[in-house]
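I have placed the structure first, in the form of C-alpha cells, so that the comments after it can refer back to it.
The values are calculated or read from the model by the stated rules, or taken from the named source; none is laboratory data. Not measured: the values here are computed from a predicted model. Using ideal geometry, Cβ is built from the backbone for each residue, glycine included, and neighbour counts are taken over all protein chains shown.
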Amino acid sequence: MICLTGDLHHMTLGTGNQRAADDTEVRIAGRFLHMLEEAGVQVTFFVSGRAFQEEAPDLRPIWESEAVEIGGHNYSCFQPEIWHRACKKLLGSYNGPYWQQKRDALRTKEAIRNRTGRTIRVWRNHMYMHGPHTERALADAGLELCSDGVQRDATGPVRHEAGIWNFPLNVIPDHEHIYHAERTPEWVEGWVKRYDWSDDFGPDSYYVEEWTEIVLENLRANEARGAVSNMIIHPITLYLADRFRSFQKILDVLADSETVQMSHVVDLADAGLLPAAHGAALDAPAAVLGGAA
C-alpha cells in the first residue's frame, strides 16, 4: 500500500523552485495530475490556504479530480519568516504558540471549504515543521492526521495522546535530496555544512536518475516489511529536475500497486486494520529552514 503525497504552495510565496520554473506551481501540478489520472493513481495534495484565495481557477481541476484528496499546508506557509524565527528562539516553537497554530489550521480549513465545499482531514506543515504544540493544536482544529517529518523505519500512523495520528515520510523525499534549480552540488554542500543538515536518509543529494532508483528500493523495502509507504513528490521539483522523465519510472510502479489517499490510511488506522506501527516523537530541526520547495 502506497500513499503518494505532494505539497503545493501559493506563487506569492516566491520559493526557489517557483522562481526557477517557467510556469506556476499549481499549473505544473495540473500536468503532473494528468499523468496520475491516466495511470489510475491516487494522490493527496497538501495545499496552502492562500493558494485557494489567489489561484482558485487553476486549482479547480485539481480539487475536482476524483484522484485527488486535499489536505492543509498552513495558510501562508509561516510568513512573515522573522516572526517564526523569533518564535523558535523565544518559545522553542517555529510554528508559533498553540493559539496561533490552531488559528492557522482553522483559517486554512475555512479557505479550502469556502472554495471546494470539502472539509479537510489531514495536514502537513510547511517544511515538515513540527513543534511542542502541534498535535494538540491540529487535533483541536478537527484534523485527524499530521504527516510531518521523515522517519525511514515508520510502518504506519502512530496515535498521539492528543488524539491525532502522526505519520512521517518513510520514503526518501525529493526536494531535499535532488539536485535541481538552485540546489546545485555546490549549493547543497554549502547548505549542509552551514546548518549541519541531515534527515533520516542522510545529508546527501543525488541527480534525479539515482534518486529515482533509491525511491524504488525504498518502496520495495517497505513492502517487504509490511509498511505503508508514505512518499512525497513535489510536482514542481520533478518538473525542474527533468520534466517528469524519471518520474515516469516511479509512476509505472505506482500504477501496478495499491495507491491510497491519506484519509483512507486514517480510516484503516481508526479501524485497527493496519499492522502495529511504531515511531518516535516528531521534532523537525531548525536546519530544515529554507529547504522547502
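Here is how the numbers come out for the structure above:
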item	result
One residue from Glu54, Glu81, Glu66, Glu25 being over 17 Å from the mean Cα position of the chain (by Cα) and under 22 Å from Leu251 (Cα atoms)	Glu66
The range 156-196, residues that are among the aromatic types (Phe, Trp, Tyr) and under 20 Å from Ile2 (Cα atoms)	Trp165, Phe167
Residue list for the range 180-203, restricted to those being touching a residue at least 40 places away in the same chain (Cβ under 8 Å), farther than 16 Å from Ala21 by Cβ and either buried (at least 22 other Cβ atoms within 10 Å of the Cβ) or of a type in the set (Phe, Trp, Tyr) (or both)	Trp191, Tyr195, Trp197, Asp199, Phe201
Answer from Leu274, Leu216 - the residue that is over 20 Å from the mean Cα position of the chain (by Cα), surrounded by 14 or more Cβ atoms within 10 Å (Cβ to Cβ) and either modelled with pLDDT of 95 or more or not in a helix (DSSP H, G or I) (or both)	Leu274
Selection status of Asn166, under 30 Å from Asp140 (Cβ atoms) and in contact (Cβ under 8 Å) with a residue 12 or more places away in the chain	yes
Hits in the range 172-213 - residues which are hydrophobic (A, V, I, L, M, F, W, C), more than 18 Å from the chain's Cα centre (by Cα) and in a loop (DSSP other than H, G, I, E, B)	Ala181, Trp197
Of all residues making up the range 251-269, the number that are in a helix (DSSP H, G or I) and surrounded by fewer than 22 Cβ atoms within 10 Å (Cβ to Cβ)	10
Selection status of Ile120, of a type in the set (A, V, I, L, M), in contact (Cβ under 8 Å) with a residue 24 or more places away in the chain and closer than 17 Å to Asp267 by Cβ	yes
Candidate set from the range 1-24 (those that are of a type in the set (A, V, I, L, M, F, W, C) and touching a Ser or Thr at 6+ places or on another chain (Cβ under 8 Å)); member that is farthest from His73 (Cα to Cα)	Met1
Listing of helices (runs of 4 or more DSSP H) fully contained in the range 80-155 that carry 1 or more residues being aromatic (Phe, Trp, Tyr), surrounded by fewer than 17 Cβ atoms within 10 Å (Cβ to Cβ) and modelled with pLDDT of 95 or more	81-91, 98-116
Breaking point among (1) touching a residue at least 40 places away in the same chain (Cβ under 8 Å); (2) closer than 30 Å to Ser257 by Cα, for Phe52	(2)
